[in-house]
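Asker: The structure that follows is given in the form of structure tokens.
The values are calculated or read from the model by the stated rules, or taken from the named source; none is laboratory data. Not measured: the values here are computed from a predicted model. So basically every Cβ, Gly included, is an ideal-geometry build from the backbone, and we count neighbours across all protein chains shown.
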Amino acid sequence: MSLTIKAVQNGINDTDNLKQGTVQKQTANKGKSVFAGRIPVATKADILVQEKRKSVQKEAMRLVSDAWGKDQRADQKIDDKRQLRQTLLSRIDDTKERLKDFDDAKARLQEQYEVDPESQEQKDLELLEKYQDYLKGLENPGFTEEERDRLKELQNMSRTDYQVEVLKLNEEAGQEKKKIEKLQLQEEILRGAIAGAKNDKLKSKDMLNANEAKDQIMDAASKDIMNLLVQEGKDNIDAKVEEDQKKAEEAEEKQEEQQERIDEAKENRKDQKEIIEGELKSDKLEMEASFKQQETGEMEQAQNSIQKILKKNKLIDEDLKGIEIDFGF
């Protein structure tokens, strides 16, 4: 005699627990089922279309990326020139500010030595400053006949203390003026280079040409993809027609076999002739109707498939020679 022991907890049989757990597990797993029939299978045309798209997009992006990189490098060169020009302009401004300091120092000396602005001493000083700047090659404003005669007289005259001090300041100021001339020349060259670079960039139109080329590539690719899809549709239709033709031939062979059996049956059962002929006629009509309906449905299905695919797949003064003036320092 066997003995069965059942464990009971909270009034519930373990066996019942196992059954209930199994049911719950099965219920939970039920919603996780995958039906292979719902997973779309990529056709050969789908694969070719995807490969074509990837290839075209890669080529188009390469063209645009190269043009963008060239455009960015051109912009960077222009920006570098602009920054350098701005630095030169700042240095020119700073130097001009220092020139003002020299002018202020000259004014203080004039006040210190109590020199009248309309005095001959001041007028001679201004002529000497003009000649001093001329010798430095700073400027050639031109000298009048009266000024040239006075310079010839001044070369044999000594300088006052006031004139000596001011001429020293003017010498230093002349050096600053030479710096300004150099900086201004460099700034003019840079300004011209910037304008030329901008003009070259406008002429090149790299980004515009790249975008046009991208659009042409994409257009050509769209036509190729369209041809692929149309060809797939034609292939599908041809395959269906071939299949239908094969079925028709098989049906015809079957009909011939049937006819042979009928001919044999004619000798033995002449009384069933009308019945057999009626059945054959009915079968033939039904078969033809079935084939026509099937062919029509398959043609419509193929055409609809093409439309769906297409819809889904719808970038010096000679007169001054000989003059030697001692400026007193």
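Asker: Assess whether L138 counts as being in the same structural domain as Q175 (by TED's automatic domain parsing) and not in a loop (DSSP other than H, G, I, E, B).
Answerer: In short, no.
Asker: Does L151 fit the bill of being touching a helix residue (DSSP H, G or I) at 6+ places or on another chain (Cβ under 7 Å), closer than 27 Å to Q112 by Cβ, part of a helix (DSSP H, G or I) and not basic (K, R)?
Answerer: Considered against the rule, which asks whether it is touching a helix residue (DSSP H, G or I) at 6+ places or on another chain (Cβ under 7 Å), closer than 27 Å to Q112 by Cβ, part of a helix (DSSP H, G or I) and not basic (K, R), L151 comes out as yes.
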